[in-house]
Amino acid sequence: MIPTLVAPEPGFTFPGRLTLTYVVDWGVFTYGSAVFHLEQEGSTEKVSATADTIGNINMVYPVVDRFQAGFDTKTGCSTGFQKQLQEGRRKVSSDLRFDYTHGKQNEESKNLVKGTTKEESASIPPCVQDSLSAIFYVASQPLIVGQAVRFPLADSMRTVTVTMKVEGKEEIKTPAGTFQTIRVQPKAEEGVVKARGNIWIWYTDDARHMPVQIRARLFFGTITFHLQTFEAK
């Protein structure tokens with residue numbers, strides 16, 4: 001059964017402006033960089049993200065990815081999710097919109113290499129999250145070791161249940177400093193969370209719940225995002 005999305009904790013404060021920059025490692029190699037930018041406009045928390053390969057990786061498999069999303073800070077409901085992906089020779093873009101009034105998710109996707117466009121529509125519950133905003137929506141929930149946060153995620157014209165299991169507390173050292181953190185593992189029976197293998201997110205063990213490290217154990221190796229800088233800009 002798909003759970004109901006729980007609103008953010010009443011006392012939680014979302015960043016007015018925050019830029020998080022990460023260095024991305026693939027095993028022992030530096031693979032690229034990633035940046036999350038959050039900016040609050042009224043009751044909407046806008047989230048954007050970039051992911052780029054660097055150095056010699058660009059000669060083998062260049063990646064230039066861009067993502068945009070947002071959610072209501074009072075309800076937690078996502079406002080939509082857009083992405084533009086350039087990975088090797090693959091170039092695609094998509095625009096996912098949520099029409100809560102009519103209980104629909106509508107997506108337009110484009111293959112920029114072939115010049116083709118596809119439009120799809122599917123039903124959704126009264127309130128869902130998306131795969132980018134979810135990282136920061138979860139920060140607004142109580143993260144108690146041994147418990148879990150469950151919510152509906154709109155994913156590829158489906159709605160799947162994501163369970164964020166709060167596994168434990170851990171001290172993490174990053175280029176941005178040393179942090180006391182809470183380790184959380186997202187799980188899902190299907191969809192993008194399951195397809196990405198095992199994922200962990202380390203949030204600061206304080207009122208901010210800032211993600212300082214993200215790790216994905218994939219079929220081709222382990223990729224880790226280490227927080228490099230965080231700035232209120």
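The values are calculated or read from the model by the stated rules, or taken from the named source; none is laboratory data. As the structure is a computational prediction, the values presented were derived from the model and not from experiment. Ideal geometry is used to build each Cβ from the backbone, glycine not excepted, and the neighbour counts take in all protein chains shown. These accessible areas exclude ligands, DNA and RNA; they are computed on the full protein's heavy atoms, side chains included. Shrake-Rupley method; radii C 1.70, N 1.55, O 1.52, S 1.80 Å.
The table for this structure:
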read-out	value
Qualifying residue in the stretch 21-28 (condition: of a type in the set (Val, Ile, Thr), open to solvent by less than 40 Å² (accessible area, probe 1.4 Å), outside any loop (DSSP other than H, G, I, E, B) and under 20 Å from ASP130 (Cα atoms))	no
Of all residues making up the stretch 51-61, the number that are under 11 Å from PHE29 (Cβ atoms) and either touching a residue at least 24 places away in the same chain (Cβ under 8 Å) or in contact with a His (Cβ under 9 Å, 6 or more places away or on another chain) (or both)	3
Subset of the stretch 1-17 (residues that are touching a helix residue (DSSP H, G or I) at 6+ places or on another chain (Cβ under 9 Å) and under 19 Å from ALA148 (Cα atoms))	LEU5, PRO8
Subset of the stretch 54-92 (residues that are of a type in the set (S, T, N, Q) and either closer than 19 Å to ALA34 by Cβ or loosely packed, with under 14 Cβ neighbours inside 10 Å (or both))	ASN56, ASN58, GLN68, GLN82, GLN84, GLN86
Top-ranked residue in the stretch 96-117 [being in contact with a Ser or Thr (Cβ under 8 Å, 6 or more places away or on another chain) and open to solvent by 50 Å² or more (accessible area, probe 1.4 Å); ranked as farthest from THR50 (Cα to Cα)]	LYS104
Criterion (at positive phi, within 16 Å of the chain's Cα centre (by Cα) and not charged (D, E, K, R)) met by exactly one of GLY115, GLY76	GLY76
The stretch 199-233: number of residues that are in contact with a helix residue (DSSP H, G or I) (Cβ under 9 Å, 6 or more places away or on another chain) and at pLDDT 95 or above	5
Spans of strands (runs of 3 or more DSSP E) in the stretch 145-233 with at least 2 residues surrounded by 17 or more Cβ atoms within 10 Å (Cβ to Cβ) and without any contact (Cβ under 8 Å) to a residue 60 or more places away in the chain	148-155, 158-174, 177-187, 198-204, 211-218
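Listed here are the residues, each with its yes/no results for (1) touching a residue at least 12 places away in the same chain (Cβ under 8 Å); (2) touching a helix residue (DSSP H, G or I) at 6+ places or on another chain (Cβ under 6 Å); (3) among the β-branched types (Val, Ile, Thr); (4) farther than 24 Å from PHE220 by Cβ.
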residue	(1), (2), (3), (4)
PHE36	yes, no, no, no
GLU39	yes, no, no, yes
ALA49	yes, no, no, no
GLY88	yes, no, no, no
HIS102	no, no, no, yes
SER109	yes, no, no, yes
LYS118	no, no, no, yes
PRO125	yes, no, no, yes
VAL138	yes, no, yes, yes
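Condition check ((1) among the aromatic types (Phe, Trp, Tyr); (2) in contact with an Asp or Glu (Cβ under 9 Å, 6 or more places away or on another chain)) across all residues:
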{"site": "ALA51", "(1), (2)": "no, yes"}
{"site": "ILE54", "(1), (2)": "no, no"}
{"site": "TYR61", "(1), (2)": "yes, yes"}
{"site": "ALA69", "(1), (2)": "no, yes"}
{"site": "GLN82", "(1), (2)": "no, yes"}
{"site": "ARG89", "(1), (2)": "no, no"}
{"site": "VAL113", "(1), (2)": "no, no"}
{"site": "THR116", "(1), (2)": "no, no"}
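Matching residues to (1) closer than 25 Å to GLN40 by Cβ; (2) outside any strand (DSSP E or B); (3) at pLDDT below 95:
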{"residue": "ASP65", "(1), (2), (3)": "yes, no, no"}
{"residue": "ALA69", "(1), (2), (3)": "yes, no, no"}
{"residue": "GLY76", "(1), (2), (3)": "yes, yes, no"}
{"residue": "PHE81", "(1), (2), (3)": "yes, no, no"}
{"residue": "GLN84", "(1), (2), (3)": "yes, no, no"}
{"residue": "SER93", "(1), (2), (3)": "no, no, no"}
{"residue": "LEU96", "(1), (2), (3)": "yes, no, no"}
{"residue": "GLN105", "(1), (2), (3)": "yes, no, no"}
{"residue": "GLU108", "(1), (2), (3)": "no, no, no"}
